[in-house]
Amino acid sequence: MRNMLFFLLIILLADFTSASAQEVITQTFKDSRLVNIQSVETLSKRRLDVRIGHRFGDLLGDNGGWSTFYGLEQATDVMIGAEYGATDQLTVGFFRTKGAGALPDGQAGLRQVLNGTVKYALLQQGKEGGAPVSLTFWGVASASTAERIPDNPDIIRNFSTFAHRMAYHGQLMIASRLSDRIALQLTPGYTHRNVVAFQDENGLFSLGLGTRLQISRVFGLIADVTFPFSDYRTTENGFYPALGIGLEIDSGGHLFQLNFTNATGIMETDFIPYTTSNWLDGEFRFGFTISRLFNL
Amino acid sequence: MKIAPLFIFPAFTVILWCSSCSSDKLPEPMFAATCTDSIPAYDPQVRQIIEETCAYSGCHLDGTAPGVYDSYSGLLPNIESGAFRTRVLQLRDDPNQGMPPDYAPEGRPRDLTQEQLDLIECWLDSGYPE
C-alpha cells in the first residue's frame, strides 16, 4: 500500500513537472508555520527568517487561572532560531526549544532540544491549469542537550546511549489555495523517537489539517489540528489531538502570530507524541510567534 | 554577504543525527512496595507539595536555604545526593533538621501530612518520575 502511494506521488510529480514553466501560486500561506504545524511555504533564495515562538502555561484548569495569571507567569515552551533559503526550493533551519511534552503519567520527553530542519518544495500549485496543489517535504531531527541522569534507568533522561537523545519527524504537506482568501493543507507525517516508555511506541504516523483565512490586508485567521494514529494515544489514556487557532498580523517586515493551543511543545517531535492537555478542561495556552525576514 | 556555508552545519548535523537511529523502550518500572495505587509524578503531585511547603521566599526559592526548588531540575541535585529523602522522611521528627522545619514562618506548614509523606516516599522509590 505504501509503495503504491509512493508511485502515485512520483507519477503526480512527473505529470506536473512539464507544467512548471506556467505561472504558479507563490504564497499559499503567509508564513512557514500555521499554529502548530508547518506550512508548504519555503523561503526565497538568500532570505533569512529569524523566529521566536513562545507558549505560556494553561489558561484555565487545575494549573491555570488567577494563581498563574492565566498562564502568563509560566513558560511552557520557548523556541528561538532561524531558517535560511539556500535556494528557492530548499530551506534549512536551526532552532533551540525548551521542550515541554510528557506522557500522562509524568514521563517527560526530550528537554533542552536542538532541532535541525530541512524543507524542500517539490511542486507548486499553478495559477491556471498546472498542478492543483503545492507539495512540500519537511523534516526535523531533534537532539536533547539535557544533562543525563545516570542513576535512574526508568526515565528517558537516563540517556544510556547517545541515540536516546534523538527524535525525528518527516512530513509531506499538500496544500491548495482555494481562493484569494482561503487555503487548506493536509499533512501526513511520521515521527520516530529512539527511546520511549515501556508502554509507548517508537514510530508514530499522524495526519495534520490546516487552514488560513485572509480577513483583511493585515490580518489572517489560522487553525490546525494534528491526529496521531496510535492504539495507545486515546482520550481514555489521556491524549488529545493538538488543536491550535491563531491570528496572523502582517506588519510588513515582521509577522506576528497570536495563538491558542492545547499543545505544550512547539516542535513536531514534541507536540505530536506528547499532547495530553484537553481544551475542554481549560488546558490550553496563549502563545505567540514573531518572525522577521532579512534579505542577505 | 554569503551565509549559506553557515547552514552546512545544521545540514551535516541532520545527517549525523539520522545515522544514529534506534528503537528502544525503557524497562517497565517496578511498582514500589511503598506505593498503594498509582505512581505520582513531579508534575503536578509533588510540585504542589514542594511549592506549598518548601519553595517560598526565605526558604528553598531565593537561595536562603540550599537548592532552588522552582523546577524538577532544581530539586534533582538534592534528590540524587539523598539529602531530600534524609531530611524529609528519615529526620522528619527532628525539629531543626527535619523538613519542613519547626521554625517555618507563620502560615507555612511545619510538618507534612502522612498522605504527603507516603506520596513522596512512593515517588522517590519509583525513580522520581518527572
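The values are calculated or read from the model by the stated rules, or taken from the named source; none is laboratory data. All figures in this text were calculated on a predicted structure; none of them were measured in a lab. Cβ: placed from backbone, ideal geometry, glycine included. Neighbour counts: every protein chain shown. For the accessible areas, the whole protein counts, side chains as well, though only heavy atoms, and no ligand, DNA or RNA atoms are used. Shrake-Rupley method; radii C 1.70, N 1.55, O 1.52, S 1.80 Å.
Looking for something small (G, A, S) and buried (at least 19 other Cβ atoms within 10 Å of the Cβ) - is there at least one such residue anywhere in the range A:231-238? Spell out the reasoning first.
Here is the first cut: in the range A:231-238, the ones small (G, A, S) are A:238.
Going one step further and asking which of them are buried (at least 19 other Cβ atoms within 10 Å of the Cβ), we end up with none.
Within the range A:231-238, none of the residues are small (G, A, S) and buried (at least 19 other Cβ atoms within 10 Å of the Cβ).
Among (1) open to solvent by 20 Å² or more (accessible area, probe 1.4 Å); (2) away from chain B (no Cβ under 11 Å), there is one condition A:A131 misses while meeting the rest; what is its number?
For A:A131, the failing item is (1).
Going by what's in this entry, would A:A223 be described as among the aliphatic types (A, V, I, L, M), over 30 Å from A:S160 (Cα atoms) and at pLDDT 95 or above?
Details: among the aliphatic types (A, V, I, L, M): yes; over 30 Å from A:S160 (Cα atoms): yes; at pLDDT 95 or above: yes.
Yes; evaluated as a whole, the condition is true for this residue.
Residue by residue, here is whether (1) closer than 20 Å to A:D151 by Cα; (2) among the aromatic types (F, W, Y); (3) in contact with a Pro (Cβ under 6 Å, 6 or more places away or on another chain); (4) not in a helix (DSSP H, G or I) holds:
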site	(1), (2), (3), (4)
B:P44	no, no, no, no
B:D102	no, no, yes, yes
B:L112	no, no, no, yes
B:Q116	no, no, no, no
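Within the range A:84-111, how many residues are under 21 Å from A:D49 (Cα atoms) and touching a Pro at 6+ places or on another chain (Cβ under 8 Å)?
The qualifying residues number 3.
Taking the condition of being in a strand (DSSP E or B), open to solvent by 50 Å² or more (accessible area, probe 1.4 Å) and more than 10 Å from every other protein chain (Cβ to nearest Cβ), how many residues in the range A:80-103 meet it?
Of the residues in that region, 2 qualify.
Whether any residue in the range B:82-103 is in contact with a Leu (Cβ under 6 Å, 6 or more places away or on another chain) and within 14 Å of chain A (Cβ to nearest Cβ) is what I want to check.
yes
Filter the range A:109-128 down to the residues that are under 30 Å from A:V24 (Cβ atoms) and either in a strand (DSSP E or B) or open to solvent by less than 10 Å² (accessible area, probe 1.4 Å) (or both) and list them by number.
Within the range A:109-128, A:N115, A:G116, A:T117, A:V118, A:K119, A:Y120, A:A121, A:L122, A:L123, A:G126 meet the criteria.
Checking A:R51 against (1) within 15 Å of A:G265 (Cα to Cα); (2) in contact (Cβ under 8 Å) with a residue 60 or more places away in the chain, which single condition isn't satisfied?
Of the numbered conditions (1) within 15 Å of A:G265 (Cα to Cα); (2) in contact (Cβ under 8 Å) with a residue 60 or more places away in the chain, the odd one out for A:R51 is (1).
Yes/no matrix, rows are residues, columns are (1) open to solvent by less than 70 Å² (accessible area, probe 1.4 Å); (2) under 16 Å from B:M99 (Cα atoms); (3) free of Cβ contacts under 8 Å to residues at least 12 places away in the same chain:
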{"position": "B:D43", "(1), (2), (3)": "no, no, no"}
{"position": "B:C54", "(1), (2), (3)": "yes, yes, no"}
{"position": "B:S57", "(1), (2), (3)": "no, yes, yes"}
{"position": "B:P66", "(1), (2), (3)": "no, yes, no"}
{"position": "B:S71", "(1), (2), (3)": "yes, no, yes"}
{"position": "B:L75", "(1), (2), (3)": "yes, yes, no"}
{"position": "B:G82", "(1), (2), (3)": "yes, yes, yes"}
{"position": "B:R85", "(1), (2), (3)": "no, yes, no"}
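Suppose we filter A:G265, A:G210 for residues that are open to solvent by less than 50 Å² (accessible area, probe 1.4 Å), in a loop (DSSP other than H, G, I, E, B) and touching a strand residue (DSSP E or B) at 6+ places or on another chain (Cβ under 6 Å); which single one remains?
When all the criteria are applied, what remains is A:G265.
I'd like to check something: does the range A:142-152 contain any residue that is modelled with pLDDT of 90 or more and more than 9 Å from chain B (Cβ to nearest Cβ)? Give the steps one after another, and end with the answer.
Residues of the range A:142-152 that are modelled with pLDDT of 90 or more, as a first pass: A:142-146.
Now drop any that are not more than 9 Å from chain B (Cβ to nearest Cβ), which leaves A:144-145.
Among the residues of the range A:142-152, at least one is modelled with pLDDT of 90 or more and more than 9 Å from chain B (Cβ to nearest Cβ), which makes the answer yes.
Could you please give the count of residues in the range A:187-214 that are away from chain B (no Cβ under 14 Å) and touching a residue at least 24 places away in the same chain (Cβ under 8 Å)?
Of the residues in the range A:187-214, 11 are away from chain B (no Cβ under 14 Å) and touching a residue at least 24 places away in the same chain (Cβ under 8 Å).
Among the numbered conditions (1) within 11 Å of another protein chain (Cβ to nearest Cβ); (2) open to solvent by 10 Å² or more (accessible area, probe 1.4 Å); (3) at pLDDT below 90, tell me where A:G106 comes up short.
All conditions are met except number (2).
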